[in-house]
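The values are calculated or read from the model by the stated rules, or taken from the named source; none is laboratory data. Just so you know, these numbers come straight off a predicted model, no measurement behind them. A quick note on method: Cβ atoms are made from the backbone with ideal geometry, for glycine too, and the neighbour counts reach across all protein chains shown. For the accessible areas, the whole protein counts, side chains as well, though only heavy atoms, and no ligand, DNA or RNA atoms are used. Shrake-Rupley method; radii C 1.70, N 1.55, O 1.52, S 1.80 Å.
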Amino acid sequence: EYETVRLQHEDVKQSRDQAKKELKSLKELQSPVTEKIQETGEHFESLDMKIRDKATEIKDVSQKCKQKQDALEMKDKQIEEINQALRMKKDEEMDRRRKIRDTHKMIEEWKNELSTMAVAENLQPQTDAINYELKKLQEERANFDAEISDIKAEEMNQEREKKKIIDRLGQLNNIMNMKEEHLKARSRDTHTALMWLRNNKDKFKKNVCEPMMLEINVKDSRHAKYVENHVSANDMRAFVFESHEDMEMFLMRDNQKLKVNAVCAPAESCAESLPSRPIEELRRYGFFSYLRELFDAPRPVMSYLCSQYRVHDVPVGTEKTRDMIERVIQETKLKQIYTSEERYLVKVSAYTNLVFSTNTSLRAAQFLSNSVDTDERRQLENQQQDINNTLKSLEMRLATLFERQKYLERRDNELRQQKKTLLERGNRRRQLESKIAVKYDSLKQLDQDAINLEKESQMANTKIKEINTQKARLVTELMHLIKRCISLNILKAHLVLQSVTVAAEKNRLESEYKAAREELRAAEQRFHELDERKRDLTENCKELMQKARQACNLGPKENLPKEFQTAFQALPSTLEEIDAVLNEEKTRASCFTGLNASVVEEYNKQTEEIQQLTGYLEEKQKELDNYKQKISQVKERWLNPLKKLIEQINVKFSNFFSSMQCAGEVDLHVENEEEYDKYGIRIRVKFHSSTQLHELTPYHQSGGEKSVS
């Protein structure tokens, strides 16, 4: 085993020495390229510095050009101001001359008026007549104001009464709303159909009544139980129609498929049907009314109830009726009877003529306990209509009074104007004389304010000539600056072209350097692998030599005895042949009766398994080390250029923001170096001097700031 490993060691050592020579050769070749890249980089930075210097110089010259242009514009503005001032002087002088002409004309007109004006006029009779008529008008207006106040007070009283009536009608409507909520709780389909009906009444040819429980109004809530016990719950929720055609159309109801009840009133109304006998004949039995007289309902509903339930012929009694019920049944021959708490149905046998009666206790009212007093509601609505009519009449009276008041006000203004004219006629002469004197004074002032336009024009021309001289000097300076700016831009363009050429050369050298670097890394890796393999084989040789000496009982300095050499010469010279001989001897040894074969087999099996696992573990460890090294190499090839690129972007980004008097920076954001999918670019900006740098997010900056960034 030692000899086999030693031969392997010699082969690996030769391969390692060869790899070392190749590695040295590659390093020697790479050194000039590195120096060339460094020289090119320094040249590129030098050119970049010169370009920046030229850009700064161009910026300074451009700023000076801008200052000269601003100065020229200021000179033009000064010339325009001088011309504007001269024009204003001319306009002022023209206006002064026009005022003088107009003043002379006015003085002449007033003198002519004075020459034709009578010395004195007696205007007192006309003034007295106007004063008398004004007094009469004021008295009449006072009377109208008093009448208007009375009408407005009456309007306020009527409005208060109207509000009381509206509030009471609202209370009655609330009762109706309670009944609708009761209906909704009992039958949602019926309530839905009710809402549909109210929105579509125009589709029906004749009148359609809402569910009876909403249409029936019991006059006394204590009597509601009689009506509810007499009319079925289904009919209480039923809609009442006057024609079968309308009822069929309602039941279709746009295919809503709602479960509702509907009935049709008789073609001939039964609402006015008379009872079989007057109620007066039944009072001695305790009856106080027929069922129909206990409630109000629309005519179709009442007609249906009279036809279907004969409410016009069913009497309602008291406790007195209950106490004498047998006598009542025998003597009155009534088919249905109500006492204070019970309902009786009476039937006569067709065969024996015997009378049978059944009685049931009355259920408490559910639907009609909250009834609206229709008489009160009708009376309130009539009162509301009367008040509306009264208010309308009052408004018409007010309109008439206001028209008369406007006429009196116009007449008052006319009289006052006439009075004013008369007074002015008396004072006109004195006013004219005073006005003429004032105008003569204004003429003197206008003569003093005369402007010498020729002198003003000469002064303006002198100023403009001086400014034009300054402008010529500014234009000459501006031309020199523009030429300087052009030459600087040409120099900068040449430098930029050189910079582009050097940058291309630098990129080419860096690409070649990267390729050579990859080759160098591969050579280094091969050398390290061979060197590691050599060290492992050396250690293995030492261990095998030590085991061999121990097996032969030899010391570190002892040589192999001749008897061992003779014995070994009789054995095979290869490991495979020696293993075959060993297996043969082991087989022969297993035949001894004193040795347990299963123990030997288990020992051999576990020993082999240990060797296999040890080899597998070493192999996987080497694979893991190789993968880590490759990952490190790939990461370095990817991350270093990326960092350099981001740094270049950061420099330009910061320069751009500095030019806008802001601050900004860009960097590589890494939370965990091993999670490459979470690497990202982080942008931090500052738009105001009073704030700190903040990361660019969808929430912190404004829309404009995000767009600029």
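Computed over the stretch 636-708, relative contact order equals 21 percent, with contacts defined as Cα pairs under 8 Å that lie 6+ residues apart.
Could you compute the net charge surrounding Arg160? Neighbours are other residues with a C-beta less than 14 Å from the C-beta of Arg160; K and R count +1, D and E count -1. The partial results should precede the final answer.
Values: positive: Lys152, Lys162, Lys163, Lys164, Arg168; negative: Glu154, Glu155, Glu159, Glu161, Asp167.
Result for the neighbourhood of Arg160: 0.
Mark the label point 7 Å from the Cα of Ser659 along Cα→Cβ and return the residues of the stretch 62-76 whose backbone N is within less than 16 Å of it. Of the residues in the stretch 62-76, 62-63 have backbone N under 16 Å from the label point off Ser659.
Full extension of the chain segment joining Ala185 with Thr691 gains 175.7 nm, where the gain is 0.36 nm per residue of separation less the Cα-Cα distance.
Ignoring ligands, DNA and RNA, what percent of the accessible area of the chain is carbon or sulfur (1.4 Å)? Intermediate results must be reported in sequence, preceding the final value.
Details: 24710 of 48320 Å².
Accessible surface attributable to carbon and sulfur in the chain totals 51 percent.
Of all beta bridges that DSSP places with both ends in the chain, some 85 percent have antiparallel geometry.
With a cut-off of at most 14 other beta carbons within 10 Å, and DSSP calling the residue loop, which chymotrypsin sites (Phe, Trp or Tyr not before Pro) in the stretch 390-479 qualify? Please list them.
Details: sites: Phe402, Tyr407, Tyr440; in loops: none.
Filter output for the stretch 390-479: empty list.
Here the calculated FRET efficiency for Gln448 and Ala85, from their Cβ-Cβ distance with R0 = 22 Å, stands at 0.55, rounded to the nearest 0.05.
3J(HN,Hα) along the stretch 584-589: 5, 5, 5, 5, 5, 5 Hz, from the Karplus curve 6.51 cos²θ - 1.76 cosθ + 1.60 with θ = phi - 60°, whole Hz, x for Gly and Pro. In loop segments of the stretch 233-330 as defined by DSSP, the trypsin sites (Lys or Arg not before Pro) with at most 10 further C-beta atoms inside 10 Å of their C-beta are Lys257, Lys259. Put simply, when 133-139, 610-616 are sorted by average Cβ atoms within 10 angstrom per residue, most first, you get 133-139, 610-616. Model label points for Glu671 and Gln14, set 7 angstrom from Cα along the Cα-to-Cβ axis, are 5.6 nm apart. Where the centroid of each part is defined by its Cα atoms, how far is the stretch 326-366 from the stretch 551-582 in Å? Measuring centre to centre over Cα atoms gives 137 Å. Extending 7 Å from Cα along the Cβ direction at Lys483 and again at Phe568 yields two label points whose distance is 10.1 nm. Amide hydrogen proximity for Ala365: with H placed 1.01 Å from N in the peptide plane, the residues at 5 or more positions away or on another chain lying under 5 Å are Lys225. Where only DSSP H runs of four or more residues are counted, the chain gives -26000 deg cm²/dmol as its mean residue ellipticity at 222 nm, each run worth -39500 (n - 2.57).
When both the stretch 55-106 and the stretch 386-412 are represented by their alpha-carbon centers, they are found 65 Å apart. Between the amide H of Phe295 and those of Lys219, distances stay under 5 Å, these residues lying 5 or more places away or on another chain, with hydrogens modeled in the peptide plane.
Loop only per DSSP, at most 12 neighbouring Cβ atoms within 10 Å: give me the chymotrypsin sites (Phe, Trp or Tyr not before Pro) in the stretch 274-360, ordered by residue number. Before the final figure, lay out each step's value.
Working: sites: Tyr285, Phe287, Phe288, Tyr290, Phe295, Tyr304, Tyr309, Tyr338, Tyr344, Tyr351, Phe356; in loops: Phe287, Phe288, Tyr351.
Answer by residue number: Tyr351.
Treating r as the C-beta distance of Asn583 and Tyr627 and R0 as 41 Å, the FRET efficiency rounds to 0.60. Per-residue Karplus couplings for the stretch 572-581, computed as 6.51 cos²θ - 1.76 cosθ + 1.60 with θ equal to phi - 60°, are listed in order as x, 9, 10, 5, 4, 5, 5, 4, 5, 5 Hz, Gly and Pro entered as x.
Which of the residue pairs Lys206/Lys392; Lys506/Lys678; Lys99/Lys455; Lys135/Lys392; Lys164/Lys203; Lys164/Lys206 have a Cα-Cα distance greater than 26 Å in the structure shown? Going by Cα-Cα distance, Lys206/Lys392; Lys506/Lys678; Lys135/Lys392; Lys164/Lys203; Lys164/Lys206 fall outside the 26 Å limit. Considering only Thr358, Val218, Cys264, and ranking their Cα positions along the charge dipole of the stretch 172-391 that arises from unit charges at the beta-carbon of Lys, Arg, Asp and Glu, the one farthest toward the positive end is Thr358.
Computed from the C-beta positions of Lys219 and Phe356, the FRET efficiency with R₀ = 41 Å rounds to 0.80.
For Glu647 and Asn604, calculate 0.36 nm times their separation in residues minus their Cα-Cα distance, and state this gained length in nm to one decimal. Walk me through the numbers before you get to the answer.
Details: separation 43, 0.36 × 43 = 15.48 nm, distance 6.38 nm.
Here the answer is 9.1 nm.
Taking θ as phi - 60° and the Karplus parameters 6.51, -1.76 and 1.60, the scalar couplings of the stretch 13-20 work out to 4, 5, 4, 5, 4, 5, 5, 5 Hz in sequence order, x denoting glycine and proline.
Among beta bridges from DSSP that stay inside the stretch 173-332, the antiparallel ones total about 65%. Surface analysis of the stretch 636-708 yields an accessible area of 73 Å² per residue, using protein heavy atoms and a 1.4 Å probe. The amide H of Cys264, built 1.01 Å from its N in the peptide plane, has Phe241 as neighbours under 5 Å, considering only residues 5 or more places off or on other chains. Accessible surface calculations at 1.4 Å, restricted to protein heavy atoms, place the stretch 172-391 at 54 Å² per residue. Just the accessible area for Lys471, please: 1.4 Å probe, Å², rounded to the nearest 10? Surface accessible to solvent at Lys471 totals approximately 50 Å². Between Gln550 and Arg284, the modelled labels are 14.5 nm apart [label points 7 Å from Cα along Cα→Cβ]. In terms of its alpha-carbon gyration tensor, the chain comes out oblate; a/c meets the 1.5 threshold, while b/c is at least as large as a/b. About its Cα centre, the dipole of the chain is roughly 3400 debye, where the only charges are +1 on Lys and Arg Cβ and -1 on Asp and Glu Cβ.
With a/c under 1.5 counting as rounded, go ahead and sort the stretch 172-391 into rounded, prolate or oblate using the C-alpha gyration tensor (a ≥ b ≥ c being the square roots of the eigenvalues; past the cut-off, prolate if a/b is larger than b/c, else oblate).
On the way: a/c = 2.04, a/b = 1.53, b/c = 1.33.
Prolate is the answer for the stretch 172-391, as a/c is 1.5 or above and a/b outweighs b/c.
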